[in-house]
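Derivation of every value follows stated rules applied to the coordinates shown; laboratory data play no part. If you're wondering where the values come from, they're calculated on a predicted model, not measured in any experiment. Glycine also receives a Cβ, built like all others from the backbone with ideal geometry; neighbour counts cover every protein chain displayed.
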Amino acid sequence: MRHGHEVKVRRAYDEPLRTDGTRVLVDRIWPRGLSKVKAHFDEWCKPVAPSAELRKWYAHDPERFEEFARRYRAELEEPERAEALRHLRFLANRGTLTLITATKHSDISEAAVLSRLLQD
């Protein structure tokens with residue numbers, strides 16, 4: 001990232017690390033089976049999550065990831081999502097930002113797409 005700050009992607013079920021910096025959940029739905037006490041999230045940025053329609057279409061099918069990423073980037077131009085993305089960019093400019101997702105394959109998640117966008 002331009003300012004030398006890192007944007008990481010981690011799973012909600014992983015133990016938090018001291019090096020995580022600000023931890024932000026970017027899923028629309030709270031991680032199943034995870035109590036708010038054990039979560040250790042600094043924020044829950046629901047508005048940045050992909051639409052329910054897009055999430056259902058994608059279904060974390062690796063074959064659809066590139067198209068998912070394209071459609072999701074288009075959704076991020078909608079006013080509420082764009083504002084949420086600006087907020088994440090603000091946090092990333094202040095220090096290390098860790099985007100949290102409950103997805104099993106975080107490398108093909110909305111958090112991965114966001115991480116790339118925030119580091120460009």
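Overview of values
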{"item": "Dipole magnitude of segment 6-120 about its Cα centre (Cβ charges: Lys, Arg +1; Asp, Glu -1), debye to nearest 20", "result": "340"}
{"item": "Gaussian network model of the chain, Cα within-10 Å springs - most flexible of Ala59, Ala92, Ala12", "result": "Ala59"}
{"item": "Computed lengthening from Glu6 to Glu67, 0.36 nm per intervening residue step minus Cα-Cα distance", "result": "19.4 nm"}
{"item": "Loop trypsin sites (Lys or Arg not before Pro), segment 1-102, which have at most 11 other Cβ atoms in a 10 Å radius of their Cβ (DSSP)", "result": "Arg2, Arg32"}
{"item": "MRE, 222 nm, helices only [DSSP H, n ≥ 4, -39500 (n - 2.57), over the chain, to nearest 500]", "result": "-11500 deg cm²/dmol"}
{"item": "Separation in nanometres of the label points that stand 7 Å from Cα toward Cβ, at Ala74 and Trp57", "result": "0.6"}
{"item": "Candidates per GluC sites (Glu not before Pro) in segment 71-108, loop by DSSP, up to 11 other Cβ within 10 Å", "result": "Glu77"}
